[in-house]
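Asker: Can you keep this structure in mind? I'll have questions shortly.
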Amino acid sequence: MIKRICECVAVFVAVLLFAFCIFLADVVTYDSEYPVDKCDNMVVLTGGRHRISYMLHILSKHRPANILISGVYEKTSLRNIFGDVDLKGIHVALGKQAKNTAGNAVEVSEWAKANGIHSIILITSDYHMRRGISELRHVDPNLKIFPCAVKSQFDWYFLQNCSKEFYRMIYVYWKNF
């Protein structure tokens with residue numbers, strides 16, 4: 001009986017490890033480009049390295065009509081984020097209610113509905129993109145999402161984030177199943 005249990009555990013661990021390798025390969029090869037011609041509304045999910053700086057990089061090339069930065073610390077201001085960047089003609093909202101990705105999804109959906117927005121460019125880390133999209137589609141299945149992933153450097157920090165994100169993805173799929 002114990003041998004059978006050990007075999008089942010070994011198979012489960014092997015399947016989990018295989019699934020993680022597929023997830024990691026997906027993240028590393030995730031290809032997304034900024035779809036300037038497809039959408040004029042941008043959403044940034046805070047919480048990871050370089051997401052804000054990536055948004056600022058995009059702003060140097062294209063000026064969307066609307067920007068939501070979701071999950072912002074309550075005392076953060078536009079000046080803290082944008083400094084001296086000219087925001088004329090851009091409606092910027094700082095979402096300060098979200099504390100996690102599920103909260104981001106609710107915040108984004110409410111913002112989109114309040115502003116008559118039907119499509120967004122979603123900026124988040126490459127390892128976080130799948131879960132971000134999954135949570136958003138669960139809350140607002142009609143919102144069209146154009147992913148724009150911030151590429152991560154392949155290092156120990158990246159592997160830690162990928163492992164955390166992998167287990168969170170399993171939970172999200174289980175929860176939304």
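All of the numbers you see were taken from the coordinates with simple rules; none came from a lab. Computed from a predicted model, the values in this text were never measured in an experiment. Quick reminder, even Gly has a Cβ in these numbers, built from the backbone with ideal geometry, and neighbours come from all protein chains shown.
Asker: Going by a ≥ b ≥ c, the root eigenvalues of the Cα gyration tensor, does segment 2-176 fall in the rounded group (a/c under 1.5), the prolate group (a/b larger than b/c) or the oblate group?
Answerer: It is prolate, given that a/c is not under 1.5 and a/b is the larger ratio.
Asker: When the helix-only estimate is applied to the chain (DSSP H runs of n ≥ 4, each -39,500 (n - 2.57), divided by the residue count), what is the mean residue ellipticity at 222 nm, nearest 500 deg cm²/dmol?
Answerer: Helix-only estimate at 222 nm: -16000 deg cm²/dmol.
Asker: Now for a separate question. In whole angstrom, and with the biggest value first, how far do the Cα coordinates of segment 80-148 range along each principal axis?
Answerer: Over segment 80-148, Cα extents along the principal axes are 36, 28, 23 Å.
Asker: Helix by helix, which DSSP H runs in the chain go 20 Å or more along their axis at the Cα atoms and have an average Kyte-Doolittle hydropathy of 0.0 or more?
Answerer: Counting only whole DSSP H runs, the qualifying helices are 2-29.
Asker: Taking the alpha-carbon centroid of each part, what is the distance from segment 14-67 to segment 105-176 in angstrom?
Answerer: 9 Å
Asker: In debye to the nearest 20, how big a dipole does segment 79-177 give about its Cα centre with +1 on each Lys and Arg Cβ and -1 on each Asp and Glu Cβ?
Answerer: 200 debye
Asker: With r defined as the distance between the Cβ atoms of Ile170 and Arg63 and R0 fixed at 45 Å, what FRET efficiency is calculated, to the nearest 0.05?
Answerer: Efficiency computed from Cβ-Cβ geometry: 0.70.
Asker: Taking the Cα centre of the chain as the origin and placing charges on Cβ (Lys, Arg +1; Asp, Glu -1), which of Cys39, His138, Ala65 is farthest toward the positive end of the dipole?
Answerer: Result: His138, furthest along the dipole toward the positive end.
Asker: Once you sort the root eigenvalues of the Cα gyration tensor of segment 116-177 as a ≥ b ≥ c, which label holds: rounded (a/c under 1.5), prolate (a/b larger than b/c) or oblate (the other case)?
Answerer: oblate
Asker: Quick query: amide H of Met42 versus all other amide H atoms, modeled in the peptide plane; which residues come in under 5 Å with a sequence gap of 5 or more or a different chain?
Answerer: Asn66, Ile67, Leu68, Ile121
Asker: Next question, about the same structure. Can you compute the charge dipole magnitude of the chain about its Cα centre, using +1 on each Lys and Arg Cβ and -1 on each Asp and Glu Cβ, nothing else charged? Give it in debye, rounded to the nearest 20.
Answerer: In total the dipole reaches around 340 debye.
Asker: A follow-up question, please. Sequence gap at least 6, Cα distance under 8 Å: using those rules, report the relative contact order of the chain to the nearest whole percent.
Answerer: Relative contact order of the chain: 24 percent.
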